[in-house]
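Q: Pasting in a structure now, in structure tokens, and then I'll have a few things to ask.
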Ligand SMILES: C[S@@+](CC[C@H](N)C(=O)[O-])C[C@H]1O[C@@H](n2cnc3c(N)ncnc32)[C@H](O)[C@@H]1O
């Protein structure tokens, strides 16, 4: 079975119970050692980091065909597009946070991305952290920020070998190698022991997770008693009391976005609240920050029309171009109140 150039066309079905699919046994040649066992020791992780980008293993694994293709697509998408993003936008691969209805110039956006991290910490009431897991870490911007701010040790995981390697290289240049460590691993099967982290951080990775229930249960598992768990993610709107699914036009719009950005089925903020409450988590708080992120996508689109943005986009490859083509649909989704930029925070009981 070959997974080269696999395209994950998953049909979103918009109910939590449908986010699990049939599994079967297969042998795959995987460029990503998704189910390797990782040492929980930080030192061992640093040694492993140099191996990340080159590992190729033949493994007997139980896989979900669609889920495996999705992961492959996500890894390739970020392998291909992260250099372009860093070149134009820097080390943070998430939205900026703005005052609602503010007009901002291009140069304000990087500051707005830092503000997103600060507003997130403020909303969650986090004033200190010693051990952080950065789930879906991109090229490690959040981890390095949190390591500097709190002196915390941070472990970042991503599906993209290119991102993991780049995240580690930037950390080394910044003199942070003893504080942060990045590796290729699956958020749904994290290479960490139970209760390792006092801050569990997922900044704009939840939307990629094909099994939201497993995603949340892994976040809860690796959280120490008393730890704060933070999920900042794209959701669809909450359903009304008389609705059991979204409207057909809404399904269609989200499907197109899924195809462009390698996303599985979306869920609502209310669905996340049910999930975290089902684990007995405390102090569950949510907010809709859709208005606070409104200037972001128009700015990303404008940046694609600069000479640097456009030429880099053309060089980066088809997956990146496909992603760029659905960006206007994100704006449409936000404007039509279908897409919500949500934060969900909670605390694991002591
Ligand atoms: C939009 S980027 C966000 C990056 C980073 N959190 C930031 O704010 O800069 C999404 C990230 O989620 C990661 N991701 C998606 N699915 C994942 C999974 N199943 N396991 C681990 N990482 C995943 C991608 O590899 C990518 O690094």
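The values are calculated or read from the model by the stated rules, or taken from the named source; none is laboratory data. Small disclaimer: the values here were computed from a predicted structure and weren't measured. Positions of Cβ are backbone-derived with ideal geometry, glycine not excepted, and every protein chain shown enters the neighbour counts.
Q: Which one of 342, 287, 299 is within 18 Å of residue 261 (Cβ to Cβ) and under 20 Å from the mean Cα position of the chain (by Cα)? Break it down stepwise before answering.
A: On the way: 287 fails: within 18 Å of residue 261 (Cβ to Cβ); 299 fails: under 20 Å from the mean Cα position of the chain (by Cα).
That would be 342, the only listed residue that is within 18 Å of residue 261 (Cβ to Cβ) and under 20 Å from the mean Cα position of the chain (by Cα).
Q: Then there's this: Mind checking which residues of region 124-136 are in contact (Cβ under 8 Å) with a residue 60 or more places away in the chain and either in a loop (DSSP other than H, G, I, E, B) or more than 9 Å from the ligand (Cβ to nearest atom) (or both)?
A: Here is the first cut: in region 124-136, the ones in contact (Cβ under 8 Å) with a residue 60 or more places away in the chain are 124-126, 129-136.
Once the filter is applied, which keeps residues that are in contact (Cβ under 8 Å) with a residue 60 or more places away in the chain and either in a loop (DSSP other than H, G, I, E, B) or more than 9 Å from the ligand (Cβ to nearest atom) (or both), region 124-136 yields 124, 125, 126, 129, 130, 131, 132, 133, 136.
Q: Identify all residues within region 204-239 that are away from the ligand (no atom under 15 Å from the Cβ), outside any strand (DSSP E or B), out of contact with any helix residue (DSSP H, G or I) (no Cβ under 6 Å at 6 or more places or on another chain) and within 20 Å of residue 285 (Cβ to Cβ); write none if there are none.
A: So the first thing to find is which residues in region 204-239 are away from the ligand (no atom under 15 Å from the Cβ), and the list is 220, 223-228, 236-239.
Now restrict to residues that are outside any strand (DSSP E or B): 220, 237-239.
Of the ones still in play, those that are also out of contact with any helix residue (DSSP H, G or I) (no Cβ under 6 Å at 6 or more places or on another chain) are 220, 237, 239.
Result: 220, 237.
Q: I would also like to ask the following. As an exercise: evaluate residue 188 against (1) out of contact with any helix residue (DSSP H, G or I) (no Cβ under 9 Å at 6 or more places or on another chain); (2) in a helix (DSSP H, G or I) and give the number of the one condition it does not meet.
A: (1)
Condition check ((1) touching a residue at least 12 places away in the same chain (Cβ under 8 Å); (2) surrounded by fewer than 23 Cβ atoms within 10 Å (Cβ to Cβ)) across all residues:
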{"position": "175", "(1), (2)": "no, yes"}
{"position": "185", "(1), (2)": "yes, no"}
{"position": "190", "(1), (2)": "yes, yes"}
{"position": "202", "(1), (2)": "yes, no"}
{"position": "233", "(1), (2)": "yes, no"}
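Q: Please tell me if residue 91 is at pLDDT 95 or above, within 10 Å of the ligand (Cβ to nearest atom) and not in a helix (DSSP H, G or I). Write out each step before concluding.
A: On the way: at pLDDT 95 or above: yes; within 10 Å of the ligand (Cβ to nearest atom): yes; not in a helix (DSSP H, G or I): yes.
Here the answer is yes, as residue 91 does meet what is asked.
Q: Residues in region 69-93 that are crowded, with 17+ Cβ neighbours inside 10 Å, over 20 Å from residue 321 (Cβ atoms) and either without any contact (Cβ under 8 Å) to a residue 24 or more places away in the chain or in contact with a helix residue (DSSP H, G or I) (Cβ under 6 Å, 6 or more places away or on another chain) (or both): how many?
A: Counting residues in region 69-93 that are crowded, with 17+ Cβ neighbours inside 10 Å, over 20 Å from residue 321 (Cβ atoms) and either without any contact (Cβ under 8 Å) to a residue 24 or more places away in the chain or in contact with a helix residue (DSSP H, G or I) (Cβ under 6 Å, 6 or more places away or on another chain) (or both) gives 2.
Q: Just the residues that are in a helix (DSSP H, G or I) and either over 20 Å from the mean Cα position of the chain (by Cα) or crowded, with 21+ Cβ neighbours inside 10 Å (or both), please, taken from region 240-260. Full working, then the answer.
A: Of region 240-260, the ones in a helix (DSSP H, G or I) are 248-260.
Within region 240-260, 248, 249, 250, 251, 252, 253, 254, 257, 258 qualify.
Q: In this structure, does residue 164 turn out to be at pLDDT 95 or above, part of a helix (DSSP H, G or I) and either buried (at least 24 other Cβ atoms within 10 Å of the Cβ) or within 11 Å of the ligand (Cβ to nearest atom) (or both)? Steps first, answer last, please.
A: On the way: at pLDDT 95 or above: yes; part of a helix (DSSP H, G or I): yes; either buried (at least 24 other Cβ atoms within 10 Å of the Cβ) or within 11 Å of the ligand (Cβ to nearest atom) (or both): yes.
In short, yes.
Q: For region 145-159, name all the residues that are farther than 14 Å from residue 199 by Cα and not in a loop (DSSP other than H, G, I, E, B). Quick ask: steps written out before the conclusion?
A: Filtering region 145-159 down to residues farther than 14 Å from residue 199 by Cα leaves 148, 157-159.
Those that are farther than 14 Å from residue 199 by Cα and not in a loop (DSSP other than H, G, I, E, B): 148, 157, 158.
Q: Still on this structure: Kindly provide the set of residues from region 94-118 that are free of Cβ contacts under 8 Å to residues at least 60 places away in the same chain, within 16 Å of the ligand (Cβ to nearest atom) and surrounded by 15 or more Cβ atoms within 10 Å (Cβ to Cβ), ordered by number. Explain how you work it out, then say what you get.
A: Let us first name the residues in region 94-118 that are free of Cβ contacts under 8 Å to residues at least 60 places away in the same chain, namely 105, 107-108, 110-111, 113-115, 118.
After this cut, where a residue has to be within 16 Å of the ligand (Cβ to nearest atom) as well, the list is 110-111, 113-115, 118.
Answer for region 94-118, where residues must be free of Cβ contacts under 8 Å to residues at least 60 places away in the same chain, within 16 Å of the ligand (Cβ to nearest atom) and surrounded by 15 or more Cβ atoms within 10 Å (Cβ to Cβ): 113, 114, 115.
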